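Let me begin by presenting the structure, written as C-alpha cells, before commenting on it.
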Amino acid sequence: THRNKENRDNSPSKNDAKDALVIAESVSRGFYSEYEPLSPTYDRLKTLMSDREYWVSQQGSLGNRIVRWIDVYFPEFQQVFKAWDGTRALATLRAFPSPRALRKLTAEDVIKGWQEQGMKRAAGALGQAKAEQLLQCAAQSVGKRGTESEAQRDLKRLVELYDSITKALQEGMEEVEALFGDLPLVEQLRSIQGLGSVAIASLFSYAGDLRHYAHGDQLLRRAGLNLAERTSGRYKGQIKLSKRGDSALRKHLFLAVLSLVRQHPDFKRWHAHHVARGMTRMKSILKLVGKLCRILVGMVQRGEDYRRPGIAAAA
C-alpha cells in the first residue's frame, strides 16, 4: 500500500479515505497474501526469541562498555586474558575491579579470590601462571589513575548487569528447549550437524511451520533473500537481494550458514568448492543459504532426517 498510494493521483498524500481506497483496490486485484496466525506454541516461541533479540543487543552494549573500561583503566588486562568474558577473566573483574586492588596481593590471594567467585578450577599450574602474570601487569599498568573508587563502582554495576542479562538469556533458552518438546520437526532439523537451538528456534519463530512451504524458494522469499534484477532493453542492471522479507529471519539464516560452514562437512566442502571456482566468500555464503532453505523444506516434506550421502550425491 505504501508504494501503490501514488498510482492514482501521483501524490504522496496520505489520509484515512485514501488508505481505505488503496487497500480495497489492491485486494480487488489480488495483490495480497492470506494471513495464517501462528499456533500457540509457535507464537510463544516467537515471543521468547523476540525478547532474546533485545537482551542480546543489551548484552552487546554492556560488553562494549566493559571493554572501554578495560582500555581506560587496565589496558594490560588483555595481555593476560585473550577474551574478557571468559570465566577466569570475569571472575577477575568481579573480585579485583582495578589494578590498584591487585598491587598488594600475592598469587595465592588472587587464586583465592577466583575461588570465592565460584571458579572450580582456579588453581593448578595454569591458575598460578595466570595469577603471577596478572600481578605483574597490574604492577606495571599505565591505566588512568585518580578516579579508582568511581571506576570500581562503575565496573561493579556493569558486570552485575552483564551477569543478570547472561542469566536471563540462559533462562530464556531453557524455556525454548522446553517448547521444543511440543514441536514435531525439531529432531529432523537437529540431524543437520552445526544447526543449533538458536537457529532452529529462529526458523520456527520467524518462518512459522515449515510444513506450509512447498519449496525452499518460498522460504528465501519470506526472508527477502530472493534475487531482484533491474533490466530494460539493453540496460543490464545489477542483480541484488530483494530484502523485502523478514529481516530477523534473514539474519538468522545467514548466521546459521556461517555456523554450518565451520562445522558441517558438506557445507564446508561446498563453500571451499565455490571459492576455488572464483566466487567471493560472501556470494558463496548467500548461495549456501539458498541450498539450506531447499534442504530444510525438502526434509520436512519427505519427513526425513539429513542424510549426507544422498545430499552429497544430489549436489
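Per-structure values
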item: Listed residues R308, R88 arranged by accessible area, highest first, probe 1.4 Å; result: R308, R88
item: Residues with amide H under 5 Å from that of L241, placed H, sequence gap 5 or more; result: A228
item: Heavy-atom accessible surface of the range 163-202: percent carbon and sulfur, 1.4 Å; result: 49 percent
item: Accessible solvent surface per residue of the chain, calculated while the other protein chains remain in place, 1.4 angstrom probe, Å²; result: 61 Å²
item: Accessible-area value, T87, 1.4 Å probe, nucleic acids and ligands omitted, Å²; result: 100 Å²
item: Net charge contributed by nearby residues that have their C-beta within less than 14 Å of T106 (K/R +1, D/E -1); result: +1
item: Listed pairs K236/K291; K240/K283; K112/K156; K14/K46 exceeding 21 Å between Cα atoms; result: K236/K291; K14/K46
item: Folded to 0 to 90 degrees: helix 16-28 orientation relative to the chain principal axis, Cα; result: 60 degrees
item: For I192, residues with placed amide H under 5 Å, excluding near neighbours; result: Y306
item: Accessible area of the range 1-128 belonging to carbon and sulfur atoms, whole % at 1.4 Å probe; result: 49 percent
item: Surface/4 estimate of mean projected area, convex hull on alpha-carbon atoms of the chain, nm²; result: 25.4 nm²
item: The chain, relative contact order [Cα under 8 Å, separation at least 6], %; result: 17 percent
item: For the chain, the longest site-free run once chymotrypsin sites (Phe, Trp or Tyr not before Pro) in DSSP loop states with at most 14 other Cβ atoms within 10 Å are removed; result: 36-315
item: Alpha carbon centroid spacing (whole Å) that separates the range 140-158 from the range 93-138; result: 17 Å
item: Residue-wise HN-Hα coupling along the range 248-263, computed from phi with Karplus coefficients 6.51, -1.76, 1.60 (Hz; x: Gly, Pro); result: 5, 5, 4, 4, 6, 5, 4, 5, 5, 5, 4, 5, 5, 5, 7, 10
item: Restricting the range 5-56 to trypsin sites (Lys or Arg not before Pro) in coil, as DSSP defines it, with at most 14 other Cβ within 10 Å; result: R8, K14, R29
item: Calculated from backbone phi, Karplus (6.51, -1.76, 1.60) coupling profile of the range 205-215 in Hz, x at Gly/Pro; result: 5, 9, 9, x, 6, 5, 6, 7, 9, 8, 8
item: Heavy atoms of S28 accessible to a 1.4 Å probe, total area in Å² rounded to 10; result: 90 Å²
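The values are calculated or read from the model by the stated rules, or taken from the named source; none is laboratory data. Predicted model only: the values in this text are computed from it and were never measured. Reconstructed Cβ throughout: ideal geometry from the backbone, glycine too, with neighbour counts over all protein chains shown. Please note that ligands, DNA and RNA were not included when accessible areas were found on the heavy atoms of the full protein model with its side chains. Shrake-Rupley method; radii C 1.70, N 1.55, O 1.52, S 1.80 Å.
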